[in-house]
Structures are given as C-alpha cells and as structure tokens.
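Here's the structure we're looking at; comments come further down.
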Amino acid sequence: MNRIIIHSEHHMSKAALLHDKQLIEYDYEVDSHKHIVGNIYKGKVVNVLRGMDAAFVDIGVGKNAFLYINDMLPANFEQQPKEKPSIHELVKVGQTIVVQVVKEAFGNKGARVTTHFSIPGRWLVYMPAANYIGISRKIEDESERTRLRDLMNDATQDGEGIIIRTAAKDEDEEALLQDLLYLRQLWKDMNDKKEHVKAPTMIYHELDLIPRFVRDLYTEHIDELIVNDKKVKEEIQRICSFFSKDLESRVKYEEHENLFQYYGVEEQIQKMFYRKVWLEQGGYIVIDHTEAMTVIDVNTGKFTGSKNLEQTVFQTNMEAASKIITLLRLRDIGGIIIVDFIDMEEEDHIQQITLLLEHGLQQDRTKSVVIGWTKLGLLEITRKKVRDHSFQDQVSVCSTCNGTGRLTR
C-alpha cells in the first residue's frame, strides 16, 4: 500500500510518502523558514565579477544571489551566440533583472539564480523561452510518448518549451491543455506584475510544502492521503477537485496526537540521520559529509554469510546499494557522492550493483547519475544539489568537539 502522511502542528508541516510502511520520501517546512527554490524575483544587480563570469543580485532575502553567465544566455540553444560574450556585455551594476532561484542558500553562499525560467504544473513544466518539448524518461511506452509530444507540439506557441511530467501518462487531452493554459497565464501575470513593482520584490512564489507535495506526488498510485488537520484536509480536497474526484475521495482525516509516530514514520526519520546505518542482514554503511562531497563506506559488520566470501560481500553490497538509493532521497544528499563498496572479484557482481543503482535512481525526482567506477574501485554518483542536506536543519554540531567526534586528552 502507498500512503502519504501529512502532519501539521504549530508553525511546522511535515509530509511523508510510504510504500508498504517503508519511508520513501520526506520533507518538512517551518513557517519562519520556507524554501525559496522556484521563487521568481525582480532583483537588482549589485556587483559584476569579470574574473568569475558572474553577477551578484539583490533579491531581497538577505544574502545576495549568485547569477552565472551561462544562466544569462538565452534558454533557447538556437539563439545563443557562437562565442560567449563578456559578463559586462550582459549586465551592469544597478540594472534590474528578473531571476528564478534554482538552489537554496547554504553555508556562506547565497542562493543561485537563473534567467532560464521553469514553472511546474500538475502535468507539465512550462518554460517560456526554451523552445523544445521534453518528456519524462519514466514514461517508457513509445506510443504514449508520441501522443504526448504531438499534442504539445500542436498546442505550444513559438518559443515556448514544455517538459511533460510522469503524471501526464494516459491523461486526457483537455486536462493537459488546461494545465498549459493555466501556466501560460501565470507567466503573463508575472510579466505584467514586474512592470509595476520595484526591485527587489518576489513576483512568483512556488507552492508551500503541502500543495507542492500533493501536486508532485499524489497520483493514482497513492491509495490514501492521511492528514491530522481538518482544514488541511479541506485544502487538499479543493486542490484535488480540479484534476481528480477519485483522489479527492481518498483524502482522510485521522485524529492522532502525532500521525508520524502512529504510522512509524518518526522512528524511521530518526534512524536516517545516524552516521552509521545498519542493514538487515548485519552489515552497515557509514556516511560522512564534507564541503566538497559525501563519502559512503560499506562494511560486512556482523554478517558472515553462508556460502563463501565473494557471495557474502556481494549480498552486503547489494543490500547497501538499495539502502543508499533510499538515503540519498530521504537526506536529500546532493553533489558528488563516492561509495566505497567492499571489493568484489566477479565482474558480473560489479555490473549488478551498477544496474541496481541506475534503475533505483531513475525513480528519484531529483536528477541523479551513476558516473561509474574509479581505478581504485570506488563508485562515483552525482545528484543535483538544490538545497543543503535536509538533515543539517535537524542536527547541530557538538559544542565540545566541534564536529570532529574525538575527545581531547
């Protein structure tokens, strides 16, 4: 059974996706610190750095946002110049510019922004100047891909770009066209608004956690959506009424003090933050985060196997690979990930580990790529980094050891 659990309390909302009681995806939002990825701002250029090919833009959120030169060039590849211009030819200090946040601020770095706009809907992602049609790789049926591509080719205007989301599979034509019209109007309204406001000002706000979770994850594959707040239930049903009466009827209210605790989500969340994560057969993995990358080490631990060393190692590595797929999503780990699997002798075993990770990461909504094995036998993975790891907000550095994990004598 697939469930979505949404628990609201005080000034925080938490949402979880469960498959057969197993936590698959988790997110939370505090009213005082909402995410800004996806928001669109009318900002003001405060600095232009020729040596970095970038500009800093005041978007009104505290730290200035970082705008790289490639994010200023036209989104339509056909319109891009043959030779990259100087940054000073594109923007100047004091100039106003409309940008969209693509990466949250973290550490000492401000948010990263772009002029390549994308606005997600229920079934489509609208890109006002990309001029191409993309289709989710999770839609594998070729006849369905052709149907969707032909429909959007006929419906889009010159210069518009569309990404067809996984949820659009088998959806009727009228619903998809309504989504396109809605997103197109949203973009028009933003363009009208930017002419009448002073920088820095937000001109588009991406959905908050609950409606975003519903939009992106509440599909016909979800058996029920459970909430602990009657007002939240009404809000979700109102959202669902626009695209599915069936999904609207699956929203349920349950009066529990803590839904996450009742359904065993709280315990799973706590375990996912541990540095050492135990596997069911007795092996374990250790996860260490640095500024540059995340390193994961796999160990057999208490697992001794029953056949031979190679089989024991292979079983541990397979179980670890499955757990890593889940943890990358739950912890929202981005950037470079290096996995030190236990050394394997058989090439077939190495290939099976690679295929398992590639297939598993295809289900990840965040773009992930298995780069391959290094000469030292380490597996390299990259995952798009949109914000700082989610666990960073829920743990703090030890005031005694300052995060080194050692005691001084």
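Within the range 20-96, report the GluC sites (Glu not before Pro) that DSSP leaves as loop and that have at most 10 other Cβ atoms within 10 Å.
On the way: sites: 25, 29, 78, 83, 89; in loops: 83.
Passing both the DSSP loop test and the Cβ count: 83.
With a Förster radius of 41 Å applied to the beta-carbon distance between residue 364 and residue 310, the computed FRET efficiency rounds to 0.85. In order along the range 317-332, the phi-based Karplus estimate (6.51 cos²θ - 1.76 cosθ + 1.60, θ = phi - 60°) of 3J(HN,Hα) comes to 5, 5, 5, 5, 4, 4, 5, 4, 4, 5, 5, 4, 6, 5, 7, 6 Hz; Gly and Pro are listed as x. The smallest convex shape that holds all Cα atoms of the range 119-204, its convex hull, gives 93 Å³ per residue. Going from the residue with the fewest nearby Cβ atoms within 10 Å to the one with the most, 194, 276 rank 276, 194. Per residue, the average separation of C-alpha pairs within less than 8 Å and at least 6 apart gives the range 1-119 a relative contact order of 23 percent.
The dipole here belongs to the chain: it is taken about the Cα centre, uses +1 on the Cβ of Lys and Arg and -1 on the Cβ of Asp and Glu, and is about 1600 debye.
Taking the 0 to 90 degree range and rounding to the nearest ten, how far is the long axis of helix 230-240 tilted relative to the main principal axis of the chain, both from C-alpha atoms? The helix 230-240 is inclined about 70 degrees to the chain. Taking all pairs of different Cα atoms in the chain, averaging 1/r and flipping that mean, what Kirkwood radius in angstroms comes out? Roughly 23.8 Å, rounded to one decimal. Farthest towards the positive end of the charge dipole of the range 119-204, among the residues 185, 197, 168, is the Cα of 197, using unit charges on the Cβ of Lys, Arg, Asp and Glu.
Taking amide hydrogens as placed 1.01 Å from N in the peptide plane, the amide H of residue 98 sits under 5 Å from those of 43, each at least 5 positions away in sequence or on another chain.
The dipole here belongs to the range 58-204: it is taken about the Cα centre, uses +1 on the Cβ of Lys and Arg and -1 on the Cβ of Asp and Glu, and is about 920 debye. Footprinting exposure proxy ranking of 179, 20, 158, fewest other C-beta atoms within 10 angstrom first, gives 158, 20, 179. Rounded to the nearest whole Hz, the Karplus-based 3J(HN,Hα) values (6.51 cos²θ - 1.76 cosθ + 1.60, θ = phi - 60°) of the range 112-126 follow the sequence 9, 10, 8, 9, 8, 7, 8, 10, x, x, 5, 10, 10, 10, 9, with x at glycine and proline.
The GluC sites (Glu not before Pro) of the range 147-244 that meet both conditions, a loop assignment by DSSP and at most 11 other Cβ atoms within 10 Å of the site Cβ, are 195.
Given the DSSP H assignment, sum -39500 (n - 2.57) over each helix run of at least 4 residues in the chain and divide by its residue total; what's the result at 222 nm in deg cm²/dmol, nearest 500?
Details: 10 runs with 114 residues, N = 409.
So the helix-based figure for the chain works out to -8500 deg cm²/dmol.
Here's the picture: charge each Lys and Arg Cβ at +1 and each Asp and Glu Cβ at -1 in the chain, and of 5, 113, 361 the one pushed furthest to the positive end of that dipole is 113.
Using the Cα atoms of the range 270-338 to build a convex hull, what is its mean projected area in square nanometres? Walk me through the intermediate numbers first.
Working: hull surface 18.5 nm².
Orientation-averaged projected area of the Cα hull: 4.6 nm².
Neighbour counts of C-beta atoms inside 10 Å place 274, 26 in the sequence 274, 26, starting with the fewest.
Applying the Karplus relation 6.51 cos²θ - 1.76 cosθ + 1.60 with θ = phi - 60° to the range 71-77 yields 3J(HN,Hα) values of 7, 9, 5, x, 5, 7, 4 Hz, where x marks Gly and Pro. Spin-label pair residue 158-residue 271: with each label point 7 Å from Cα along the Cα-Cβ axis, the two points sit 5.9 nm from one another.
Just how large is the dipole of the range 274-393 about the Cα centre, in debye to the nearest 20, putting +1 at every Lys and Arg Cβ and -1 at every Asp and Glu Cβ? Show your work: numbers first, answer last.
On the way: 14 positive and 18 negative charges, 113 e Å.
Its charge dipole is roughly 540 debye.
Taking a point 7 Å from the Cα of residue 53 along the Cα-to-Cβ direction, the residues of the range 71-94 with backbone N closer than 16 Å to it are 71-75, 80-91. Measuring nothing but how far apart in sequence close Cα pairs (under 8 Å, 6+ apart) lie, relative to its length, the chain scores a relative contact order of 14 percent. Database remark: amide H of residue 124 closer than 5 angstrom to the amide H of 165 (H placed geometrically; neighbours at sequence offset of 5 or more, or on other chains; Pro and chain starts carry no H).
Segment residue 254..residue 346, full-extension length gain: 28.0 nm, with 0.36 nm per residue of separation and the alpha-carbon distance subtracted.
Readers should treat all values here as calculations from the given coordinates under stated rules, not as data from a laboratory. Model, not experiment: these values are computed from the prediction. As a convention, Cβ positions derive from the backbone with ideal geometry for all residues, glycine included, and neighbour counts pool all protein chains shown.
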